[in-house]
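Since the structure comes first, as structure tokens, the remarks are kept for the end.
The values are calculated or read from the model by the stated rules, or taken from the named source; none is laboratory data. Not measured: the values here are computed from a predicted model. Every residue, glycine among them, receives a Cβ derived from its backbone with ideal geometry; neighbour counts consider all protein chains shown.
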Amino acid sequence: MTDITIVIQADCNHSLKEQLSHLLEESCQYEVLIVDRSDGPEHKNIANIVNKFDKSLVINWISMPLDTTILQRLVTAVESVNTDYVILTGDGDFVFIDGLRYAARHLDDHKEIVAVQGVSVTLRREENGIRVSPCLFPTQNTNHRLNRLERFMISYEHTLSALHRKETLLNSLRACTTEDVLWPQLIRLAISACTILQGHTAYIPKMFSVRPSKSNIDFGSEENWNSLITHPDFSNMVNYWTDLLIGLAIQLEKKLDSVTFSRHARKSLYEYLKIPLAPEFRRVTTGMTEQSQDAYKAFCTLSQNIPGQENLESVLKRHRKLLQMSTR
């Protein structure tokens, strides 16, 4: 079995017990690494949960000082990982072992690929019911870094929920340690862009995760893009974002034309910003449609037993309770 580490960001995690119970039901043999900066009653609560499961699961727990940032905690966590592959999860994220195993084999067989994600269903409780969305994943398979970056940016997706090669994820997190400077939206985007710069990404039609939002790792409060692009610091944010991408790109390609790269990186960010500002112009690809269909089928199986869904989503049939956990 290929080694994988499941990192759980446990700050204000109201579903940690359920997440570990789910992994136990999945007969998880992979390492589970819990990282947090809790204090007082919350710290004691995490300790009690860890003690309850540490004889049944392979659990390590890193508790860090209260003044550490989320990126500092994630860098520390991934640095401590001794496995080839790692996945980041947050509050309410439920991952499926068969999907992780299949993704790891895909990484084993394709050295050019740095991150893989399968079928991911996102659930959000709203006033009139539950909103179900696919967590679409950008599949990029061109060898040209700038082409990968530009195609990724217009997809309006991220890679945070994928199974990564450890070194890839660590490089991406380290490149983005300017968390005190970048806005939360740009941190999430920059981590994904750094991953795209390092290699190909792939989507697999296997059940992978159920989560309450597209990315449940909290980088701080987020404002809407309309207010951000009119902010006095917007130009500085664009510069910071571009500079950190250039820094990583130069490490990967010593003869990089930084002027050309900077121009394309800025252009790709502006193209990205067009999507939330004018969503009607978003390009819908065949891959996006197929991933959406996979997510819909998975949700149907999650909520009730529908004949004919036994192939891709059969693993979900005993996990209908996740629907309640992810939306409570």
Touching a strand residue (DSSP E or B) at 6+ places or on another chain (Cβ under 8 Å), surrounded by 16 or more Cβ atoms within 10 Å (Cβ to Cβ) and part of a helix (DSSP H, G or I): does that describe residue 35? no
Among the residues of the stretch 108-123, are any touching a strand residue (DSSP E or B) at 6+ places or on another chain (Cβ under 8 Å) and charged (D, E, K, R)? yes
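Residue by residue, here is whether (1) under 13 Å from residue 117 (Cβ atoms); (2) in contact with a Gly (Cβ under 6 Å, 6 or more places away or on another chain); (3) in contact (Cβ under 8 Å) with a residue 40 or more places away in the chain holds:
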{"residue": "137", "(1), (2), (3)": "yes, no, yes"}
{"residue": "141", "(1), (2), (3)": "no, no, yes"}
{"residue": "145", "(1), (2), (3)": "no, no, yes"}
{"residue": "151", "(1), (2), (3)": "no, no, no"}
{"residue": "161", "(1), (2), (3)": "yes, no, yes"}
{"residue": "167", "(1), (2), (3)": "no, no, no"}
{"residue": "177", "(1), (2), (3)": "no, no, yes"}
{"residue": "188", "(1), (2), (3)": "no, no, no"}
{"residue": "197", "(1), (2), (3)": "no, no, yes"}
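Any idea which of 102, 85 is crowded, with 20+ Cβ neighbours inside 10 Å, under 18 Å from the mean Cα position of the chain (by Cα), closer than 21 Å to residue 202 by Cβ and touching a residue at least 12 places away in the same chain (Cβ under 8 Å)? Reasoning before the result, please.
Values: 102 fails: crowded, with 20+ Cβ neighbours inside 10 Å.
Answer to the selection: 85.
Would it be correct to say that residue 114 is closer than 30 Å to residue 145 by Cα, among the β-branched types (Val, Ile, Thr) and modelled with pLDDT of 90 or more? Lay out the reasoning, then the answer.
Values: closer than 30 Å to residue 145 by Cα: yes; among the β-branched types (Val, Ile, Thr): yes; modelled with pLDDT of 90 or more: yes.
So residue 114 passes the test.
Within the stretch 172-202, how many residues are β-branched (Val, Ile, Thr), assigned to a helix (DSSP H, G or I) and farther than 29 Å from residue 108 by Cα?
Taking the stretch 172-202 as the starting set, the residues that turn out to be β-branched (Val, Ile, Thr) are 177-178, 181, 187, 191, 195-196, 201.
Pick out the ones that are also assigned to a helix (DSSP H, G or I) and you get 187, 191, 195-196.
Still in the list and also farther than 29 Å from residue 108 by Cα: none.
Looking only at that region, the number is 0.
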Just to be sure I understand the filter: pairs with C-beta atoms under 6 Å, separated by 6 or more residues or on different chains, first member in the stretch 36-56 and of a type in the set (Phe, Trp, Tyr), second member in a helix (DSSP H, G or I) and surrounded by 14 or more Cβ atoms within 10 Å (Cβ to Cβ). Which pairs pass? 53/20
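Could you list all residues from the stretch 60-74 that are surrounded by fewer than 19 Cβ atoms within 10 Å (Cβ to Cβ) and not acidic (Asp, Glu)? If you could, list the steps in order and put the result at the bottom.
Taking the stretch 60-74 first, the residues surrounded by fewer than 19 Cβ atoms within 10 Å (Cβ to Cβ) are 60-69, 72.
Answer for the stretch 60-74, where residues must be surrounded by fewer than 19 Cβ atoms within 10 Å (Cβ to Cβ) and not acidic (Asp, Glu): 60, 61, 62, 63, 64, 65, 66, 68, 69, 72.
How many residues are in a helix (DSSP H, G or I) and either exposed (fewer than 13 other Cβ atoms within 10 Å of the Cβ) or in contact with a strand residue (DSSP E or B) (Cβ under 6 Å, 6 or more places away or on another chain) (or both) if we restrict to the stretch 252-266? Give the steps one after another, and end with the answer.
In the first step, residues of the stretch 252-266 are kept if they are in a helix (DSSP H, G or I); the result is 252, 258-266.
Imposing the further condition that a residue be either exposed (fewer than 13 other Cβ atoms within 10 Å of the Cβ) or in contact with a strand residue (DSSP E or B) (Cβ under 6 Å, 6 or more places away or on another chain) (or both) reduces the set to 259-260.
Qualifying residue count, the stretch 252-266: 2.
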For the stretch 16-24, indicate whether the set of residues that are more than 24 Å from residue 120 (Cβ to Cβ) and touching a residue at least 24 places away in the same chain (Cβ under 8 Å) is non-empty. no
